[in-house]
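Data block below; observations after.
The values are calculated or read from the model by the stated rules, or taken from the named source; none is laboratory data. What you are looking at is a predicted structure, and each value in this text was computed from that prediction instead of being measured. Because the Cβ atoms are built from the backbone with ideal geometry, glycine has one as well, and the counts that use them run over all protein chains shown.
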Amino acid sequence: MTTLQGRILTAQGWMTGAISFDRHIHSMERRMGVSDAKTIIPGFIDLHVHGGQGADVMEGLQAIGQLARWHAGHGTTSLLATTMSASVPELKQVLSNIHEASQMPHAGGARVLGAHLEGPFINRNKRGAHPLIPMNEDPSRDILDLCDSDIVRVITLAPETIQNRSVLNKLASRGIRVQLGHSTSSYEEATAALQQGASGFTHLFNAMSGLHHRDPGMVGAAFAQAEYAEIIPDLFHVHRGAMLAAFRAIPKLYCVTDASAASGMPDGTYPLGCQKVFKCPNGVCLEDGTIAGSILTMDQALKNLLEIGLDLEDAIRRLSLYPAEYLGLKDRGRLQVGAFADLIVLDANGQLEQVYGEGVAIEPSHG
């Protein structure tokens, strides 16, 4: 049993005291005279991550383990391994690898909760860094085939590419979160998709129809209708002013990294699915300059949220609690008795001092 003391963000708010845990949290209690120099918060949950430290999800089981360890060193205690557009047979193999990774004993990395299937069911004109993959005229059968197991937790699709919209409700009935993205949908099309079973938006603002006061687009639908959406807070994908507007409009807007294999690596060329991307000082791009994922880690995301004006508790909710709630997880994303011991210790300067994933100590990464 491990016991830590400090200022603790519990499910009910801040307290100063002690937390005791092994794989799960066993007790939390207020204590007089405890220093608040250390801050103990829930581990981060990243629902959109393609890679890290040179490894890409599409490369196989070993790569998934490598990126999970990299992000764990930056405070991510659980994640969804996220795919790139590929053929159905290739995606089935990748999903099998993700399933195997999710079943492995904890080995000092982030827990792989499942898969985020991003592509190929997207609009070719808003595909961003995704390769162009041929699709059937109505890909509903392929979608349901890929989502036939419980490993797919989130799927991103463009509703205008789906003729049989009943597939959205079928996915939702399986507990899969359908996110709208990589899309040219109008406000009306996006709103209809929400009514038909969709529940979120993928990297809000990026690769979707934008907001105009006479043509609100997919961004407008998110602002007007959504409870949940994801956003990339690297201050490169989205201007801070747009981020602040979105935080006011969408109650449980949560943060993802959309990190690529270039995260944690020097400038150079790295894999992103079947394509090569180029790391530059601000992020990752294709050769033609198209933004291609990020180099973000969740500890840096926290710093960025604080820099643009969010308070610490609000920022942490958007990195841990809201993504957990979105997936329906009651044992992660918050510090309470019975939950997994996924937690982070920050020092007096707000830097990561220690990370615990399911009670296993993970040394922070520096770099």
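Worth pointing out:
- Checked against (1) surrounded by fewer than 24 Cβ atoms within 10 Å (Cβ to Cβ); (2) part of a loop (DSSP other than H, G, I, E, B), residue 333 passes all but a single condition, namely (1).
- Of residues in the stretch 11-27 being loosely packed, with under 15 Cβ neighbours inside 10 Å and touching a Lys or Arg at 6+ places or on another chain (Cβ under 9 Å), the one farthest from residue 324 (Cα to Cα): 14
- Meets criteria (modelled with pLDDT of 95 or more and crowded, with 19+ Cβ neighbours inside 10 Å) for residue 246: yes
- Applying the condition of being under 18 Å from residue 326 (Cβ atoms) and in a loop (DSSP other than H, G, I, E, B) to the stretch 218-240 and asking which residue is nearest to the chain's Cα centre (by Cα) yields 232.
- Restricting 271, 251, 323 to residues that are touching an Asp or Glu at 6+ places or on another chain (Cβ under 6 Å) and either modelled with pLDDT of 95 or more or among the β-branched types (Val, Ile, Thr) (or both) narrows the list to 251.
- Residue 198 vs. criteria at pLDDT 95 or above, surrounded by fewer than 22 Cβ atoms within 10 Å (Cβ to Cβ) and hydrophobic (A, V, I, L, M, F, W, C): no
- Residue count for the stretch 124-183 under the criterion of being crowded, with 23+ Cβ neighbours inside 10 Å, touching a residue at least 40 places away in the same chain (Cβ under 8 Å) and in a helix (DSSP H, G or I): the result is 0.
- Checking the stretch 48-55 against the condition returns no match, with no residue being in contact with a helix residue (DSSP H, G or I) (Cβ under 9 Å, 6 or more places away or on another chain), in a strand (DSSP E or B) and either modelled with pLDDT under 95 or aromatic (Phe, Trp, Tyr) (or both).
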